[in-house]
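Single-structure report; data block below.
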């Protein structure tokens with residue numbers, strides 16, 4: 001019996017310590033996707049790991065396994081410190097909206113927000129009205145429809161009049177709408193918001209021009225259908241994760257840019273109330289260097305728009321390749337990297353912005369995000385930059401109830417409430 005207790009003590013203690021040790025590793029491309037998962041597990045399961053390490057330490061104490069005691073205590077301490085770091089208050093809202101920003105939220109709004117940056121589980125909310133695969137545009141001359149899902153508040157939930165258009169992460173190449181976001185959208189509809197989850201086209205079907213055009217068509221569609229969904233057309237917020245965050249920023253900062261606006265939308269009001277980026281690249285030149293995409297030079301070119309591109313079998317290794325998105329490497333088409341970088345388009349007219357990211361981020365360089373924040377501040381644009389330490393890319397999708405994901409939702413909810 002004692003041998004079993006000793007074995008359990010070592011297993012639990014070292015499992016906690018081993019996973020937590022991954023939080024301190026700084027990955028460089030080409031990194032292993034599986035090690036990224038290893039890091040996300042440590043952050044996402046921090047409360048569970050804290051318990052496992054504590055149990056391992058107690059079992060080790062009672063069975064005389066001193067090494068297990070030390071490992072369990074150390075692993076538990078790392079988990080607890082991590083949770084304290086990612087849920088600590090961040091001052092961005094006061095700097096962007098004034099020290100009294102919370103008084104601008106009505107009692108009704110405040111009552112529906114999550115009240116803590118982390119708690120064991122999200123509060124129960126009423127089931128939203130959820131409709132899938134709604135067409136928001138048909139490619140001229142074809143029967144190819146672009147689809148979205150629309151999430152509406154339950155019938156007895158007071159509507160805010162705000163629509164949140166969400167663009168999924170993709171590396172500009174993979175995945176689709178409805179990818180790990182249901183808990184997130186359900187919480188937003190509980191605030192009275194309408195959510196439009198967009199399936200935009202990806203490479204190699206289209207390049208950056210086609211992609212940003214799809215995003216702006218989604219904005220135009222929501223404005224055209226605002227009354228249908230109880231939305232104020234002046235309260236549309238763009239947002240997204242990873243590549244979707246990049247596209248959201250780029251579309252929000254270039255509502256009437258002739259190079260990045262399809263001819264069928266010229267003259268339309270494509271402005272948005274605000275924009276939210278969850279770990280989206282803000283400067284593709286910095287992204288190119290951060291992701292060491294020089295190593296890709298010499299790979300076969302991928303042509304845009306060839307027949308069957310929308311349904312072709314794709315290789316995960318091609319995700320995130322900006323040479324496909326922009327038509328060449330940085331030294332070949334530097335003007336395209338500038339055009340497609342949100343930081344290039346900052347002005348005094350840029351909408352209020354919420355930036356949420358972990359550090360270190362293996363995909364989107366945090367230094368470029370900070371530069372975007374500083375440029376917005378210089379132009380007098382309200383901006384909040386939330387950086388979670390020891391937290392990696394896509395932290396909110398794998399574990400939506402983790403401390404970092406809940407803290408991100410805490411700030412995002414308040415930002416949207418201010419936009420109402």
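The numbers here are math on the coordinates, done by the rules we state, and not lab data. The shown structure was predicted, so the numbers you read here are calculated from the model rather than taken from an experiment. Glycine also receives a Cβ, built like all others from the backbone with ideal geometry; neighbour counts cover every protein chain displayed.
Quick notes
- Stretching the chain fully between residue 142 and residue 7 yields a gain of 42.3 nm (0.36 nm per residue, less the alpha carbon separation).
- Cα long-axis angle, helix 33-44 against the chain (0 to 90 degrees, to the nearest 10): 70 degrees
- Taking the C-alpha atoms only, the angle from helix 243-253 to the longest principal axis of the chain is near 40 degrees.
- Sorted on the mean count of surrounding Cβ atoms within 10 Å across their residues, most packed first, peptides 105-112, 67-74 read 67-74, 105-112.
- Max mean-square fluctuation residue, GNM over the chain, Cα-Cα springs under 10 Å, options 185, 164, 136: 136
- For the range 2-86: rounded, prolate or oblate by the Cα gyration tensor [a/c cutoff 1.5]: prolate
- Near-label residues of the range 64-97 by backbone N, under 16 Å of a point 7 Å along Cα→Cβ of residue 371: none
- Largest to smallest principal axis extent of the C-alpha atoms in the range 244-368, angstrom: 41, 39, 27
- More than 37 Å apart - percent of Cα-Cα pairs taken over the chain: 26 percent
- Figure legend: label point modelled 7 angstrom from the Cα of residue 156 along Cα→Cβ; residues of the range 121-144 with amide N under 12 Å from it are 126-127.
- Beta bridge orientation in the chain: antiparallel %, DSSP, nearest 5: 30 percent
- Under the simplified labelling scheme, the residue 378-residue 317 pair shows an inter-label distance of 4.0 nm, with each label point 7 Å from Cα along Cα→Cβ.
- Taking Cα atoms only, the orientation of helix 208-224 departs from the longest principal axis of the chain by about 80 degrees.
- Extension gain, residue 297 to residue 95: 0.36 nm times the residue separation minus the Cα-Cα distance gives 68.5 nm.
- Prolate/oblate/rounded call for the range 180-283, Cα gyration tensor, a/c under 1.5 rounded: oblate
- The alpha carbons of the range 126-249 stretch over 43, 28, 24 Å along the principal axes, in descending order.
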